[in-house]
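Working notes, structure below.
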Amino acid sequence: MAINTLTDADCRRATPNDGKLRKLFDGHGLMLAVLPSGNKVWRMAYRNDEGKQQTAVIGPYPLIGLKEARERRDVLRLKLIDGEDLKPKRKTSSPSIALDTAIDTYWAGRTDISAGYKANALRALAMYMSPTLGAKTVREITKEDLMAALRPMDAAGLSVYVRRVRMWVGQVLDWSIQHGHCEENPASNINSKVAFSRKPREGFAALALAEVHPFMERLDLEDEIQSVLACKLLALTWTRTDELRRMWKW
């Protein structure tokens, strides 16, 4: 069999064959494939242990020149002689597990939180996730599945709690990714600010500006008990109420 039949000039001048794939052979399976687009790729044809024709991609031309392509071909041929498979085996995914199993395993490992916080999270997940999604594997669960389980909470006015449940199930799915039970976390695709409603907020009680002076005069008539002194101090210093309460303990 003739080898090293190509030249640098052959590679440079090579064009597609009437818009079809064209192959320029160099020997020992090495070929320059000229694609219909005009791009050129080095490939090597070989037979595997079962005698089936296979093709290994070496790389693009001219990034990989003729000399380097031949060197890489020879490296691949040595691997074949040593019995190596040039096509890497696809990694098999770890077996997935049911969401309920993932929930129990993840939260059992959370030793950094209080027992009350853990119990609250587990109770919420058992109430709102397990009935419809508990038996599903974490790999099967989609964003739509999670939203279907969370919407009834939002409709019931649990606008704060629904965000916590989304966060808690999201933590379980993040753990599942790290342990190879799934490849993505659909909970991370749920934007809680947009997806769920919000409770209307009520402002704190406040005095109108015209009422401040009469209020301060009224305080002057009271005995100097702690609440009166605190109100005067707030008016004079504009400190936060929480800071004032803590200051009073000193």
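The values are calculated or read from the model by the stated rules, or taken from the named source; none is laboratory data. It should be emphasised that the depicted structure is a prediction, and the values quoted were computed from it without experimental measurement. Reconstructed Cβ throughout: ideal geometry from the backbone, glycine too, with neighbour counts over all protein chains shown. Protein only, heavy atoms only, side chains kept; ligands, DNA and RNA dropped before computing areas. Shrake-Rupley method; radii C 1.70, N 1.55, O 1.52, S 1.80 Å.
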Which value at 222 nm does the chain reach when only helices count, each DSSP H run of 4 or more adding -39,500 (n - 2.57), with the total divided by all residues and rounded to the nearest 500 deg cm²/dmol?
-> -14500 deg cm²/dmol
How large is the Kirkwood hydrodynamic radius of the chain, in angstrom, based on all distinct alpha carbon pairs?
-> 26.0 Å
Residue separation between Leu21 and Glu50 times 0.36 nm, minus their alpha-carbon distance, gives in nm 7.7 nm
Could you please state how large a percent of the accessible area of the range 1-57 is carbon and sulfur, counting protein chains only and using a 1.4 Å probe?
-> 47 percent
Lys136: which aspartates and glutamates have alpha carbons under 19 Å from its alpha carbon, excluding same-chain residues fewer than 8 sequence positions away?
-> Asp100, Asp104, Glu144, Asp145, Asp174, Glu183, Glu184
Excluding same-chain residues fewer than 8 positions from Lys199, which aspartates and glutamates have a Cα within less than 20 Å of its Cα?
-> Asp154
Grab the Cα-Cα distance for Met167 and Ile81, subtract it from 0.36 nm times how many residues apart they are, and report the gain in nm with one decimal.
-> 25.6 nm
Accessible surface, per residue, of the chain when the full set of protein chains is kept, probe 1.4 Å, Å² | 68 Å²
Which order do the peptides 129-137, 164-172, 221-229, 105-113 take when ranked by the mean count of other beta-carbon atoms within 10 Å per residue, highest first?
-> 164-172, 129-137, 105-113, 221-229
Among the listed pairs Lys23/Lys87; Lys23/Lys79; Lys143/Lys193; Lys52/Lys87, those beyond 18 Å (Cα-Cα) | Lys23/Lys87; Lys23/Lys79
Please work out how much length the chain gains when fully extended from Glu211 to Glu184, using 0.36 nm per residue of separation minus the C-alpha to C-alpha distance, in nm with one decimal.
-> 3.9 nm
Which far-off residues, 5 or more places away or on another chain, put their amide H under 5 Å from the one on Glu184, with H placed in the peptide plane?
-> none
May I ask for the angle, rounded to the nearest 10°, between helix 143-155 and the longest principal axis of the chain, with both axes built from Cα atoms and the value confined to 0 to 90°?
-> 10 degrees
Residues whose modelled amide H sits under 5 Å from the amide H of Ile58, counting only those 5 or more places away in sequence or on another chain, are Trp42, Arg43, Met44
When the accessible area of the range 118-244 is computed with all protein chains present and a 1.4 Å probe, what percentage of it is carbon and sulfur?
-> 57 percent
